[in-house]
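What follows is one structure encoded as structure tokens, with my remarks underneath.
The values are calculated or read from the model by the stated rules, or taken from the named source; none is laboratory data. The structure presented is a predicted model; accordingly, all values stated were derived computationally and were not measured. A quick note on method: Cβ atoms are made from the backbone with ideal geometry, for glycine too, and the neighbour counts reach across all protein chains shown.
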Amino acid sequence: MPALPLTAEQKEDAARLKKLFLSWKSSRKEAGEPSSQDFFSDMVGFGQSAVSQYLNGKIPLNPHAAAKFSKALGCQISDFSESVAALAIEIGEGVGAAIDQAPDPARMDITELSRQEVQLVLTFRELQETERQELAKFAHKLMHKPAPPPEKSPSQPVKLQPSTPLARKSREKVAH
């Protein structure tokens, strides 16, 4: 059965996403960093063809794909799709409710982070554990709070480095 045609809203979302991608590409090119669509597809974990289809409005965005694009571009989902951002929030609320029936008012909606906040999170993830602890101590000093004890089981930093093309091609196919 052939796929349904995209709605006007979905096509507009794709156009906004493509504009953000082109801005990302231009910034990376100016900085002398890799900026090809193939490199970007490695970053988001989709094949280059799927990335092209999302950017050109051939397949509709979904919360999973939108989250990957948002992370790689250092923006919020709502910067390119209000409807997918709303759906992602709804999914997050459902997951949160399933985990904890009493919602915590101190929880933060990650789709509302600014670009600068997203960049700080991504930078933090790339730090070594000792650097993370030093940064946490510094942040607590700034907030006039005592530093928390170091984590007992340090987590491994998440790398945003793309995988090799061979590894990318061996991944599971993206569900559309």
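At-a-glance table
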item	result
Test: residue in the stretch 92-101 that is at pLDDT 75 or above, surrounded by 11 or more Cβ atoms within 10 Å (Cβ to Cβ) and part of a helix (DSSP H, G or I)	yes
Near pairs, Cβ below 7 angstrom, 6+ apart or cross-chain, from the stretch 52-75 (of a type in the set (Phe, Trp, Tyr)) to any residue that is part of a helix (DSSP H, G or I)	Tyr54/Ala14; Tyr54/Leu17; Tyr54/Ala65; Phe69/Leu17; Phe69/Val44
Matching residues in the stretch 35-48 - criterion: being assigned to a loop (DSSP other than H, G, I, E, B) and either in contact with a strand residue (DSSP E or B) (Cβ under 8 Å, 6 or more places away or on another chain) or without any contact (Cβ under 8 Å) to a residue 40 or more places away in the chain (or both)	Ser35, Ser36
Any chance Gln76 is surrounded by fewer than 19 Cβ atoms within 10 Å (Cβ to Cβ) and either over 22 Å from Val118 (Cα atoms) or in contact with a Leu (Cβ under 7 Å, 6 or more places away or on another chain) (or both)	no
The listed residue being assigned to a helix (DSSP H, G or I) and more than 23 Å from Ser114 (Cα to Cα), out of Lys68, Lys18, Lys11, Lys25	Lys11
Residue, farthest from Ala86 (Cα to Cα), within the stretch 28-48, restricted to residues that are surrounded by 13 or more Cβ atoms within 10 Å (Cβ to Cβ) and of a type in the set (Ser, Thr, Tyr)	Ser35
